Amino acid sequence: MSVTLCLTAGFALLVALGVPFAISIAVTVTAALLVADIEPAFLAQSVISGAQSFSLLAIPLFMLAGGLMTAGGLSQRLVDFAGTLVRHRTGGLAMVAVLAALIFSAISGSAPATTAAIGSILIPAMARAGYSPAFAASIAVSAGVLGPLIPPSIAFVIWGIVAEQSIGRLFLSGVVPGITLALGLLVVCYVHAKRNKVPKLPRATLAETWTAFHRGKWALLSPLIVLGGIYGGVFTPTEAAAVSCLYALIIGLFVERQLSFRGLPMIVADAMKTSAIVCAIIAVSTGFGILVAQEQIATRFAGWMAENIQEKWLALATLNIAFFLLAAVMDELAIVVILGPMLIAIANRFGVDPIHFGAIIVTNVSIGMAAPPIGYCLFIGMAISKLSLAQISRAIWPQIIVMLIVLFLTTYIPEFALILQPKGR
C-alpha cells in the first residue's frame, strides 16, 4: 500500500507543485524503491532499458524533419499552394491554414511543429485579411491538432512503444479521424467568415495554381515518399523518419537553397531540446510502469471498473471524460506513458481492439494539445499572436466541439478508425 501511495499520491503532489514531469516520475520511482527496499540501481537500469527502443529514434528525427522543412521554406510553399485552391471561398484564408496543416502533418508528425510552421505564416495574414486575431490564432492551434492524427505521427509512435502494437497499423487508424477533423474545421472556417462577413480573396488563375504547385512540388512529394516507403515495405517508420530528414536536408540545401550549413546547428539544437523532454519522460516512465505492474495498480483499477461499470460504451465514455479533464491540466505525453499500463488493462478487460483503442487514445491526446489551459499548441498560438490564453481559449471552443464529435465517432464506430487496416488483421 505504501508503494502504491508513493506512485499515485506522491506523483500527483509533485505535479501539483509544478515539478517537471520527468523529474516527478524519477523522484516518485526512487521513493517507491526505497519504501519497497529495492536496490535504487533498478531506476538506472529501467531508464537505460526504456531509452533503448529503436522506435524512439523516430521522435527526434521527425522533429528535425519538421524543423528542416520550415527553415527551408517548404511550409511557406505548402501555404501558397493551398491558397490557390481555396482562398477565393468564404473563409478561404482560414481554410488555407487547415489544408496546409493537413499536408505539413504528414511531414512533421507533431502538433506543436505544425502549429508553429503554419501559424507563423497565416496568423498575421489572417488578421490583415479581416479575421479576428483570436480566431486566426485558434484556427492555427486547432489545425495543428492534425499533427498527431495524420501519419507519420509521433503520438502513434509513442503509443505503439507503450502498448507494443504495430506502429504502421496505428498510423492507418488515424487517417480517417484526421481527415474528418480537417473537414469539420473547414466548416468552422466557413461559418465564422460568413457570420463575420470576412471579405473573400480573389480566385487564383490556372497559371497561378500551376506555378504554386510547381514551386511546392518538393514539399508535396515528401509525404508520398515517407508514407509510400512505410506501406510499401521499403523501410520501417523509424527509417522513414531518417529518410524524411535526409530528404528535407537535400532539398533545403541543394534544390531550394534556403537552408545553409551555418543555420543547421540551431535547427538541430531546437529539435534536440524538444526530443530530450519527450525521451526523458519515456525513459524514466519505464521504471514507473514496472512498479505499477508489480503493485497490480492497473489490474486492480481495471477490475474495479469492470465491477462497477458493466457496459463497454459507458467504460469508454468514462475514459474519454477522464482523459479530457486530465489533458486540460496535465502533459498529454505523460498521461499516455504513465497511464499506459492501466489503459491497456482496461481495454483488454472490455475487449477493445488494441489498434482501435490506440486511435481513441491518440485522438484524446490530440484534443489535449489544444485544450485550455495548458495545451502545448495554445502556448505556441499565444507566442505568435501575442494574445492572452483567455482570448484564444474563448475563440477555440467551436473547434473543440468538432474535435469531440470526431472523438465520439472514433470511440463508438470502430470501423471509423479501422477501415483502412489490411485485410485479415
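Values in this text are rule-based calculations from the coordinates and carry no lab data. Given the structure is predicted, the values throughout are model-derived calculations rather than measurements. For neighbour counting, all protein chains shown are included, and Cβ atoms are generated from backbone atoms with ideal geometry for every residue, glycine included.
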Over the stretch 169-295: Kirkwood hydrodynamic radius from C-alpha pairwise inverse distances, Å: 19.4
Among R169, R349, R195, which one moves the most in a GNM of the chain with springs linking Cα atoms closer than 10 Å? R195
Under Karplus coefficients 6.51, -1.76 and 1.60, residue-wise ³J(HN,Hα) of the stretch 25-38 in Hz, glycine/proline x: 5, 4, 5, 4, 5, 4, 4, 5, 5, 5, 5, 7, 6, 9
If one takes the longest principal axis of the Cα atoms in the chain, at what angle in degrees, from 0 to 90 and to the nearest 10, does the Cα axis of helix 111-128 lie? 40
Going down the table (K273/K386; K194/K217; K197/K386; K217/K273), which pairs top 28 Å between alpha carbons? K194/K217; K217/K273
Scalar couplings 3J(HN,Hα) for the stretch 164-171 by Karplus 6.51 cos²θ - 1.76 cosθ + 1.60 (θ = phi - 60°), nearest whole Hz, x for Gly and Pro, are 6, 10, 5, 5, x, 5, 5, 3
Within 10 Å of each candidate Cβ there may be at most 12 other Cβ atoms; applying that plus a DSSP loop requirement, which chymotrypsin sites (Phe, Trp or Tyr not before Pro) in the stretch 220-271 survive? F261
Would you mind giving the average projected area, over all directions, of the Cα convex hull of the stretch 200-252 in nm² with one decimal? 5.2
Could you state the orientation-averaged shadow area of the convex hull built on the Cα atoms of the stretch 26-178, in nm² to one decimal? 11.5
Model label zone, A125; criterion: amide N under 11 Å from point 7 Å along Cα-to-beta-carbon; scope the stretch 383-425: none
Compactness of the chain as Cα Rg over 2.2 N^0.38 Å, two decimals: 0.98
